[in-house]
Structure formats: C-alpha cells, structure tokens
Amino acid sequence: MLLSAKLTSPRVLQDLLRRHDFRVKKKLGQNFLVDANILDKIIRSLAPAGEHRVLEIGPGVGTLTRVLARKANHVVALELDLELFPVLEETLRGCSNITLVHGDAAKTDLGRLMETAPGAGPVVVVGNLPYYATTPIIFNFLGGSLSWERAVFMVQKEVAQRMVARPGTKEYGALTVTISYYTEVETAAVVSPDSFYPRPEVESAVIRLDRRAKTPGAWVDPFSFSQVVRAAFAYRRKTLENALTRYPGLGLKKSLVRPLLVAAGIEPSRRGETLSVEEFTELAFALGPFLRRTATDGEV
Ligand code: SAM
C-alpha cells in the first residue's frame, strides 16, 4: 500500500514515522520534504537518466530515493541515522537498483564509495542536506576523488547566498571560492519552511552545481588551493601577508610570503576577502611548492 502512497503527504509521512516509532532528530537536521512540487523541481534540475548513477546524501525516509530509482541506472543512498534503515526497507521495498549505505557524508570517501558501487555510468549527486553539516559535506564532496557531472542540493537560503557571493561582501568566503573554483552554480528555487516536516525556522534554496570541465587559471593541486583559501579566510580582517604567515598549517615565513605575493601579482596589503577565484589560483600556484605537507594532504 505504501509504495503507491505519496511520501510527500504529511499525513502519510507522520503515519509512517509513528508506525516505526521513529522520533525526528533535530540534531541530525531531519526536516523531511513534504512538497511534491519541490520534489519535482529537484528531479528536473538533476535530470537523472537511464545512463546515470545517482549518489543521494541523506535519503531520510526515501521520498526522493524512490523517484530517482525509477529514472536512473542505480542509486547509492548514504544515510547516517541507522534508525531510518527499517523505515527505508519498507518504503524502498521492490526497488532492486538501490544500495543503502550507512555513513557520514562529511567523512566518507565518496570516490571510493561510487567506484565500488554496482552499476555503471556517469555520477550525479543529490541531497536535501542536513543544515548542521552542509559545509563539511560540500567540502568533502568537492575536494575528494569523486568523478561527477552535476549536483543538486537543498541548502539553507543563507548558505546558497554565500555560494554565489561577490568578492568584498560579508557573504564571500572559503565556501564561495571553493564552489566557484570547481563548479558553475545557480539557484533553481527558493523553498518555504512549509515544504518540510517538521518545519525548519529558515528558508531554503535548491542549488544546482555543474562541474567545470577545467578549473580557472593554471592547474593547482587541490591541497595547495584549499590551504591558501582556508588561511586567507581564517583571518579575514588581516592583510594577506599576515594571514598567510600566521596560519599554522602553512609553515610560511614572512620573508618568503611577501615576494611570493608580489610574484603572483597580488599586493601584500590586500585582504583575502577581496581576491577573485582566479587570483586565489595564482596565489596557490605561487605558494604551492613552499607549503608544509601533512597527513591531511588532499583535503579541501
Ligand atoms: N532526503 C530526505 C528528504 O528530503 O525528506 C531527508 C532530508 S533531511 C533534511 C537530511 C537527512 O540527512 C536525514 O535523513 C539525516 O538523518 C541525514 N543525515 C544527517 N547527517 C548526515 C551525515 N553527516 N551524513 C549522511 N546523512 C546525514
């Protein structure tokens, strides 16, 4: 009966949760989608087709997952809350092309996950992301080894604004620079709190990320790029010369930082928040060979 029932109906959802004695966990960002129009918008933005494999982050009770499975070659759904697994077993019964995986999307090696998953074909990524972990999940996703084509995420509206911010504004930060380095981003919809159960306190937005065929500027290794961006925004009120010297992970001396900034064509007294993504690339290219390498190499 349930397979034909709409999980976007608040009545059906609440009945399902009650039958499984499931209590919604606010600390895991569990705001389930109960709006069929928004579900439709997410699916249309992602455009999964027969050749695609889908990685879904945080399937919840399987509302999106069931629809994705009808359209794609295979769906890998990564969920942190083990208590949702009995619910998912019920809602996804009869769908043979779904692999449910238990794990933390901020820490899982997503490239390896999809390499070892069944099915074949290009990967598209989707998730109504838990708000408490949106940034670490996106950094893990972008900085890892996953080869992907397109991603559609539901995020807090304020996070969506940070993703598309202009240099020099207060929203412009490490997230903005990292997103625009790897992707072209657009906002597909603004979503009211009424589209979720339980209702969150803030508005949300659906964003679509298209992976750039080539990152801007000269090729820079992901470690150098992420370290330089982190350092610049860790001390956003300081000049770049001071921020890069202070950031403990870099291990750079002031006597080296100044000439390298000048060599990259960047005035040392500027603040990191004024640099464009192309200037960050130049800077990471110049500083890269001098950065201290640690066990966390490769992280964004
Ligand atoms: N996709 C469902 C929907 O749209 O109704 C649920 C979305 S709900 C906003 C976020 C989901 O992510 C929940 O199922 C939650 O348990 C799961 N989650 C929370 N933290 C996670 C993490 N670090 N890794 C993977 N899933 C997580």
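Listing for the model above:
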| read-out | value |
| --- | --- |
| Residue pairs meeting the criteria (Cβ under 6 Å; at least 6 apart or on separate chains; first on the phi < 0 side of the Ramachandran plot, in the range 276-295; second open to solvent by 10 Å² or more (accessible area, probe 1.4 Å) and not in a loop (DSSP other than H, G, I, E, B)) | Val277/Ser180; Ala286/Leu260; Ala286/Ala263; Leu287/Leu260; Leu291/Gln227 |
| Selection count where residues are among the small types (Gly, Ala, Ser), open to solvent by 20 Å² or more (accessible area, probe 1.4 Å) and either in contact with a Ser or Thr (Cβ under 8 Å, 6 or more places away or on another chain) or within 11 Å of the ligand (Cβ to nearest atom) (or both), scope the range 34-87 | 2 |
| Failed criterion for Trp148 (all others in (1) buried (at least 20 other Cβ atoms within 10 Å of the Cβ); (2) farther than 17 Å from Leu68 by Cβ hold) | (2) |
| Verdict on Arg199 being touching a Lys or Arg at 6+ places or on another chain (Cβ under 9 Å), assigned to a loop (DSSP other than H, G, I, E, B) and open to solvent by 70 Å² or more (accessible area, probe 1.4 Å) | no |
| Condition check for Ala105: crowded, with 21+ Cβ neighbours inside 10 Å, in a helix (DSSP H, G or I) and of a type in the set (A, V, I, L, M) | no |
| Unmet criterion (only one of (1) under 21 Å from Ile43 (Cβ atoms); (2) assigned to a helix (DSSP H, G or I)) for Val125 | (2) |
| Residues satisfying the stated conditions in the range 161-193, i.e. assigned to a helix (DSSP H, G or I) and in contact with a helix residue (DSSP H, G or I) (Cβ under 8 Å, 6 or more places away or on another chain) | Arg162, Met163, Ala174, Leu175, Thr176, Val177, Thr178, Ile179, Ser180, Tyr181, Tyr182 |
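The values are calculated or read from the model by the stated rules, or taken from the named source; none is laboratory data. Values in this document were obtained by computation on a predicted structure and should not be read as measured data. When we count neighbours, we look across all protein chains shown, and the Cβ atoms used for this are built from the backbone with ideal geometry, even at glycine. Just so you know, the surface numbers come from the protein's heavy atoms only, side chains and all, with ligands and any DNA or RNA stripped out. Shrake-Rupley method; radii C 1.70, N 1.55, O 1.52, S 1.80 Å.
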